[in-house]
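The values are calculated or read from the model by the stated rules, or taken from the named source; none is laboratory data. Here the structure is a predicted model, which means the values were calculated and not measured. Cβ coordinates were reconstructed from backbone atoms using ideal geometry, including for glycine residues, and neighbour counts include every protein chain displayed.
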Amino acid sequence: MLTLPPSVRVYLALDPVDMRRGHDGLMGVVRSVWELDPYSGHLFVFLGRRRDRAKLLYWDRRGFVLVYKRLERGRFKVPELRAGQTRAEIDGVQLAMLLDGIDVARVSRGRAWSPPARIDSAAKV
């Protein structure tokens with residue numbers, strides 16, 4: 001199970017990336033194409049042309065970490081694209097489903113719960 005704090009954003013490349021690229025090549029995509037800071041601590045996800053391989057890149061205070069996953073069967077299912085979009089922002093749950101080969105677009109989510117408004121106890125007196 002993949003658990004990320006809410007402060008970590010996950011950016012998914014919608015265009016295929018050459019899987020021969022390493023830390024520096026993928027960091028170049030983050031900087032020049034997406035115009036984002038690769039040192040932010042956010043997670044950047046790249047898929048290969050066949051969509052059966054994924055690389056995750058992030059900064060962990062002492063260096064870049066590159067995680068590589070290859071599916072033995074099937075393909076990674078990406079969310080629907082809008083015209084001109086080069087990346088999508090997904091959350092940690094969607095990333096975990098994506099890496100498991102689950103089609104994120106077909107999963108329906110319930111409404112998020114939020115606590116009721118705080119009632120000030122002093123106002124009741």
**OP:** Kindly check whether there is at least one residue in the stretch 85-102 that is of a type outside the set (Asp, Glu), closer than 23 Å to VAL30 by Cβ, surrounded by fewer than 17 Cβ atoms within 10 Å (Cβ to Cβ) and touching a Lys or Arg at 6+ places or on another chain (Cβ under 8 Å).
**Re:** yes
**OP:** Identify all residues within the stretch 92-125 that are at pLDDT 80 or above, not small (Gly, Ala, Ser) and not in a loop (DSSP other than H, G, I, E, B); write none if there are none.
**Re:** VAL93, GLN94, LEU95, MET97, LEU98, LEU99
